[in-house]
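Report on one structure; see the data block that follows.
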Amino acid sequence: MQIEIGKLGEAFVYEKECEKLKGTKYEAKIDNKKAIDPMNGYDILSFDKDGKPLYIEVKATAGLEDRFYLSNHEYQTAEKMKENNMNYTIYFVKEVMSDNPKLIKIHDITDNEEYNFEEMNWKVTRI
């Protein structure tokens with residue numbers, strides 16, 4: 001069930017990114033195949049409207065909870081990209097199985113006071 005929820009979240013985010021970049025030369029460059037290889041540390045390569053790469057890690061839940069799990073590799077990827085001035089953002093999709101999923105974009109997860117980290121493969125809860 002969790003894999004299905006994750007795939008739904010990735011499809012939802014991919015669709016949102018396509019909508020955001022519709023009509024730009026970057027729309028066709030969005031790469032949602034990154035999720036196939038967990039060693040990437042992110043799921044989707046997209047772009048901002050100026051063409052700067054946006055590395056998206058998708059987290060999804062069927063409910064309303066403000067909690068998701070971040071692997072150590074995902075956390076390390078976020079830190080490394082931050083050090084290299086790259087845009088790594090978590091897109092957290094809540095109620096992904098509903099008709100109206102809610103999308104929360106979390107910038108700089110490694111230094112974000114709205115979230116608390118509990119070491120266990122990084123359990124992340126919004127506070």
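The values are calculated or read from the model by the stated rules, or taken from the named source; none is laboratory data. This structure is a prediction, so every number in the text was calculated from the model and none was measured. Heads up, the Cβs are rebuilt from the backbone with ideal geometry, glycines too, and the neighbour counts pull from every protein chain shown. For accessibility, only protein heavy atoms count, side chains too; no ligands or nucleic acids. Shrake-Rupley method; radii C 1.70, N 1.55, O 1.52, S 1.80 Å.
Some points to look at:
- Tyr14 vs. criteria over 24 Å from Tyr115 (Cα atoms), touching a residue at least 12 places away in the same chain (Cβ under 8 Å) and part of a helix (DSSP H, G or I): yes
- Residues of region 44-69 satisfying the condition of being of a type in the set (Phe, Trp, Tyr) and within 23 Å of Gln2 (Cβ to Cβ): Tyr55, Phe68, Tyr69
- Here Thr61 meets each of (1) modelled with pLDDT under 95; (2) open to solvent by less than 20 Å² (accessible area, probe 1.4 Å) with one exception, condition (1).
- Looking only at residues in region 77-127 that are among the polar types (S, T, N, Q) and over 18 Å from Leu45 (Cβ atoms), the one that is modelled with the lowest pLDDT is Asn121.
- Once region 55-88 is narrowed to residues that are among the aliphatic types (A, V, I, L, M) and in contact with a Phe, Trp or Tyr (Cβ under 8 Å, 6 or more places away or on another chain), the residue that is farthest from Pro38 (Cα to Cα) is Met86.
- Any chance Ser71 is of a type in the set (Ser, Thr, Tyr) and out of contact with any strand residue (DSSP E or B) (no Cβ under 9 Å at 6 or more places or on another chain): yes
- Checked against (1) open to solvent by 30 Å² or more (accessible area, probe 1.4 Å); (2) closer than 20 Å to Val124 by Cβ; (3) touching a helix residue (DSSP H, G or I) at 6+ places or on another chain (Cβ under 8 Å); (4) in a loop (DSSP other than H, G, I, E, B), Tyr42 meets all criteria but (1).
- For region 70-118, the candidate set comprises residues that are touching a helix residue (DSSP H, G or I) at 6+ places or on another chain (Cβ under 9 Å) and of a type in the set (Asp, Glu); within that set, the residue that is least open to solvent (accessible area, probe 1.4 Å) is Glu74.
- The number of residues in region 11-35 being crowded, with 19+ Cβ neighbours inside 10 Å, of a type outside the set (Val, Ile, Thr) and at pLDDT 95 or above comes to 4.
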